[in-house]
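Can you keep this structure in mind? I'll have questions shortly.
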Amino acid sequence: MNIFRLAGDLLHLGSIFILIARLQQTKSCAGISLKTQGLYLLVFITRYLDLFLGFVSVYNTLMKVFFLASAGYIVYLMRAPLKASYDKALDSFRVEFLIAGAAVFALVFPHKYTVLEILWSFSIYLEAVAIMPQLFQMTRTGEADNITSHYVFALGGYRALYIVNWIYRFYSEDNYVDYIAWVAGVVQTALFGDFFYIYFTRVLKGKTFKLPV
């Protein structure tokens with residue numbers, strides 16, 4: 001594992017800790033898309049089925065268990081104890097199109113034509129667009145609290161670091177190719193483009209995240 005992959009993993013972990021802390025401290029899930037969180041849970045379930053079929057390393061196993069457990073916990077918080085603060089009207093993105101699109105791509109362009117590899121490919125394609133309901137909700141409200149902004153930034157930053165990781169591996173490892181992850185990762189990072197610009201020009205300067213009128 002190289003430093004870029006490790007940094008990406010740590011930033012991904014950080015994004016989840018930020019979100020859980022925000023939910024627990026404010027006792028509210030206002031401004032958070034339950035649909036995005038549900039998509040991430042589906043991503044981890046379909047990606048980590050191999051958790052029960054083989055052992056890679058302690059690090060790999062712990063990360064998979066953490067992502068599965070934390071995603072489930074976040075969905076639980078938003079659907080049960082914090083349900084009253086969830087605004088379904090704002091969280092209106094049609095996620096069925098994202099799921100259907102990812103399924104089609106996984107069937108047409110899988111890593112391999114086996115059940116596990118098709119599900120893995122599905123998870124990669126779905127993760128690329130899973131943030132869209134959250135970004136759509138932020139677009140509808142026109143703003144977001146700073147903690148939510150930090151969470152979204154960490155999510156986007158983790159994927160951007162993975163791109164650097166892939167570039168590093170391409171030049172340092174023999175025969176390293178992963179077109180599915182590369183294309184999906186670039187698409188995923190590109191979706192954060194406008195958000196990154198506002199984050200760097202407003203939030204990091206101590207201002208509230210707010211879309212230009």
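The values are calculated or read from the model by the stated rules, or taken from the named source; none is laboratory data. Note that the structure is predicted; figures quoted are calculated from it, not measured. Every residue, glycine among them, receives a Cβ derived from its backbone with ideal geometry; neighbour counts consider all protein chains shown. Surface areas here come from the heavy atoms of the whole protein model, side chains and all, with no ligands, DNA or RNA. Shrake-Rupley method; radii C 1.70, N 1.55, O 1.52, S 1.80 Å.
Have a look at Y76, Y48, Y86 and point out the one that is within 26 Å of Y199 (Cβ to Cβ) and not hydrophobic (A, V, I, L, M, F, W, C).
Y86
Do we have any residue at all in segment 80-95 that's part of a loop (DSSP other than H, G, I, E, B), more than 18 Å from W182 (Cβ to Cβ), at pLDDT 95 or above and open to solvent by less than 30 Å² (accessible area, probe 1.4 Å)?
Yes.
Pick out the one residue from Y176, Y171 that is outside any helix (DSSP H, G or I) and surrounded by fewer than 20 Cβ atoms within 10 Å (Cβ to Cβ).
The conditions single out Y176.
Considering only segment 184-209, state which residues are assigned to a helix (DSSP H, G or I), open to solvent by less than 60 Å² (accessible area, probe 1.4 Å), over 17 Å from V43 (Cβ atoms) and not small (G, A, S).
Correct list: F195, F196, I198, Y199, T201, V203.
Further question: Can you tell me which of (1) at pLDDT 95 or above; (2) surrounded by 21 or more Cβ atoms within 10 Å (Cβ to Cβ) is the one W166 doesn't meet?
(2)
Separate question: Being open to solvent by less than 60 Å² (accessible area, probe 1.4 Å), outside any helix (DSSP H, G or I) and touching a residue at least 60 places away in the same chain (Cβ under 8 Å) is the filter here; which residues of segment 22-79 pass it?
Selection gives G31, I32, S33.
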